[in-house]
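Notes follow the structure.
Please treat every number below as a calculation from the coordinates, not as lab data. A quick note: this is a predicted structure, and the numbers were derived from the prediction, not measured. Please note: Cβ atoms are built from the backbone with ideal geometry, for glycine as well, and neighbour counts cover all protein chains shown.
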Amino acid sequence: MRIVPVVIAAIKKDNRFLLTKRVTFDNEDKEYAPFAWNLPGGGIEFGETPEEALTREIKEELNIDVVIEAHVPKMFTQVRKRWQGIFILYLCRFDPKQTITLNDEADEYGWFTIDEAKTIKSFPKTIAMMTEASKIKT
């Protein structure tokens, strides 16, 4: 059994959030295959701050630099088989002049309102995290 701290970026533009359609899955995520939408992010590596991990993960997954606007003060957790993620959520923005280039974890991205995201297959907690991030005023 593992407990893993995970950083998540709620990248917001206008009233929409950036979601990626994940196509690669770890063993604990196989039930969501062949694809599922989620907010981008990933695990914190030893020695990293959550903010460093977030900017690294977003650079790896989307090839963009983000600006962290705020830490969302609600923690999320999800148990999947013998894995438990503790999700640390940040509201972020990016310069739209940057070009998003996905790595091999996802094959598509899109901008979704919360209502639109409710109509697609997504990872657990995605809608709840979008909802909490939408409450933050910057």
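Between R2 and T49, the simple label model (points 7 Å from Cα in the Cβ direction) yields a spacing of 2.5 nm. For the range 26-138, the average shadow cast by the Cα convex hull is 7.6 nm², which is a quarter of the hull's surface. For the range 36-46, backbone phi angles converted through the Karplus equation (6.51, -1.76, 1.60; θ = phi - 60°) give residue-by-residue couplings of 6, 8, 7, 6, x, x, x, x, 7, 8, 3 Hz, Gly and Pro being listed as x.
In a Debye calculation with equal point scatterers on the alpha-carbon sites of the range 85-138 and no solvent, what is log10 I(q)/I(0) at q = 0.22 Å⁻¹? Values, matching the q order: -1.19. Amide hydrogen proximity for F76: with H placed 1.01 Å from N in the peptide plane, the residues at 5 or more positions away or on another chain lying under 5 Å are F87. Only Cα pairs under 8 Å and 6+ residues apart enter the sum, and on that basis the relative contact order of the chain stands at 35 percent. Take the chain, connect every pair of alpha-carbon atoms lying under 10 Å apart with a spring to form a Gaussian network, then pick out the residue of W83, W37, W111 with the largest mean-square fluctuation. Evaluated over the chain, the most mobile residue of the options is W83. Taking amide H positions as modeled 1.01 Å from N, with prolines and chain starts lacking one, the residues under 5 Å from I11 and 5 or more places away or on another chain are L18, C92.
Distant-in-sequence amide contacts of A70, defined by a placed amide H-H separation under 5 Å and a gap of 5 or more residues or a different chain, comprise L91. Think of each Lys and Arg Cβ as +1 and each Asp and Glu Cβ as -1; about the Cα centre, that makes the dipole of the range 1-136 roughly 500 debye. The label point for R82 and the one for D115, both projected 7 Å from the Cα toward the Cβ, are 4.5 nm apart.
Among K21, K74, K59, the largest mean-square fluctuation in a Gaussian network model of the chain, built with springs joining Cα atoms closer than 10 Å, belongs to K74. For the range 60-68, putting each phi into the Karplus relation 6.51 cos²θ - 1.76 cosθ + 1.60 with θ = phi - 60° gives couplings of 5, 7, 10, 6, 10, 9, 10, 10, 7 Hz, in residue order, rounded to whole numbers and with x for Gly and Pro. Estimated purely from DSSP H runs of n ≥ 4, each contributing -39500 (n - 2.57), the mean residue ellipticity at 222 nm for the chain is -5000 deg cm²/dmol once divided by its residues.
3J(HN,Hα) along the range 113-119: 6, 4, 4, 5, 5, 5, 9 Hz, from the Karplus curve 6.51 cos²θ - 1.76 cosθ + 1.60 with θ = phi - 60°, whole Hz, x for Gly and Pro. Considering only R93, R16, R80, the Gaussian network model of the chain with Cα springs below 10 Å gives its largest mean-square fluctuation to R80.
Go through K74/K97; K13/K74; K21/K137; K21/K118; K21/K81 and tell me which ones have a Cα-Cα distance over 24 Å in this structure.
Over 24 Å Cα-Cα: K74/K97; K21/K137.
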